[in-house]
Amino acid sequence: MILLAGHNSAAGTGSELAGAPTAEAERDIPPAYLRWYLDAVVACPGLPWNVLAAIGKIESDHGRSTAPGVHSGQNTAGAGGPMQFLAATWAAYGIDGDHDGRKDRYNPADAIHGAAHYLCANGAGKGGKRLNRAIWQYNHADWYVRKVLAQAALYAAPTATGRGAVAVRAALRWLGTPYSWGGGGPSGPTYGTAQGAGTKGFDCSGLTQYAWAQAGIRLPRVAADQYNAGTHIPRPQLQPGDLLFFATNPRNPATIHHVGIYYGRGRMIHAPHTGDIVRISQFTGNPYRERQYIGATRPASRTDEA
């Protein structure tokens, strides 16, 4: 729970900006919660998303706990909601995370964004000891700081670096977003065209264009054109952020019909097709994807290529 008081010493040394979610994070964190954790830290550069997620795990098992105060009312300490805010703390730091016009500590999107706001106000974005102190402010106990950091370590892979890592994190923010034919671009999800006209979201190349725009690189809009916009990478040298391409005829780039973002461990982040959502999928060992895989590229600016 969040308490209002002065700081004390905290255990551990903290961590730097976290990498991509691990398999444990994907298994344990509900997709909507994962998206909110990733989205909430954008407003606080330097706050590791996995620390925020670890607090959500400890406070309410990501909203799955049936303990008093999680879904309504409050516990004996007066805390309520999935991130266990005291009413006074919520009044000071609450955020309308889902933009529905209300700040509700029982609304997971609001609570998670509010927790990020509170942590940031206490210096969590500074890293190291400042991060530890901010966690301690959340619940005044050294054991709590240690438990949060231990849980956080289970949720994030070693820190990725470079533009590819930026692209991956940008795409992860939109997990669960509807597929929309013709939807999406450098600024985010949009209404699509044809069968996507009534749906705000991304198609496959709209998602990749958005993700790499956040890394400072402008890609063409169509998957087949994106294939020619970067350095071609042998499969054994794939790194997170590389673009994976799939074609009806894997010997003919003109038949490319799908693109995804390499995530690591044989998986990709992509917007699959109408009726689906932005998701993480296995492509290594997937017969359909393996049969249509035509290659991968690593987008680069002209400066990078010089």
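Taking the Cα centre of region 20-157 as origin and charging only Cβ (+1 Lys, Arg; -1 Asp, Glu), how large is the dipole, in debye to the nearest 20? Intermediate values should be presented prior to the final figure.
Numbers: 13 positive and 12 negative charges, 98 e Å.
With only Lys, Arg, Asp and Glu charged at Cβ, the dipole is about 480 debye.
Take the eigenvalues of the Cα gyration tensor for region 100-250, scale each by 5, and report the square roots as semi-axes in whole Å, largest first. Intermediate values should be presented prior to the final figure.
On the way: eigenvalues 260, 96, 30 Å².
They are 36, 22, 12 Å, listed largest first.
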On a 0 to 90 degree scale, rounded to 10, what angle separates helix 49-60 from the longest Cα axis of the chain?
50 degrees
Treat the count of other C-beta atoms within 10 Å as a stand-in for reagent exposure and order L219, L86 from fewest to most.
L86, L219
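Quick one: order D276, D104 by neighbouring beta-carbon count within 10 Å, fewest to most. Before the final figure, lay out the partial values.
Working: D276 13, D104 17.
Going from sparsest to densest Cβ surroundings: D276, D104.
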Centroid-to-centroid separation of region 23-76 and region 226-300 [C-alpha atoms, Å]
31 Å
Mind checking which of Y138, G128, W181 is farthest towards the positive end of region 66-204's charge dipole, using Cβ charges of +1 (Lys, Arg) and -1 (Asp, Glu) about the Cα centre?
G128
Count the net charge of all other residues whose Cβ sits under 14 Å from the Cβ of Y293, scoring Lys and Arg as +1 and Asp and Glu as -1.
+3
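Once the other residues with Cβ under 14 Å from the Cβ of G56 are scored (Lys, Arg +1; Asp, Glu -1), what is the net sum? Could the numbers behind the result be given before it?
Numbers: positive: R35, K57, R64, R105, K147; negative: D28, D39, E59, D61, D110.
That works out to 0.
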Size of the chain as Cα extents on the principal axes (Å, biggest first):
65, 40, 34
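I need to check one value: relative contact order of region 65-217, counting alpha carbon pairs closer than 8 Å and at least 6 residues apart, in percent. Numbers along the way, then the final one.
Values: 239 pairs, mean separation 18.4, N = 153.
After rounding, I find 12 percent.
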Out of residues 5 or more away from L86 or on other chains, whose amide H comes under 5 Å of its own, with H placed 1.01 Å from N in the peptide plane?
I2, G80
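Convert 25 °C to kelvin, take the viscosity as 0.890 mPa s, use the Kirkwood radius over C-alpha pairs of region 163-298 as Rh, and evaluate the Stokes-Einstein diffusion coefficient in µm²/s, rounded to a whole number. Before the final figure, lay out each step's value.
Values: Rh = 14.3 Å.
Estimated diffusion coefficient is 172 µm²/s.
Every number here is computed from the coordinates shown, using simple stated rules; none is lab data. Predicted, not measured: the structure shown is a model, and the values here were computed from it. Every residue, glycine among them, receives a Cβ derived from its backbone with ideal geometry; neighbour counts consider all protein chains shown.
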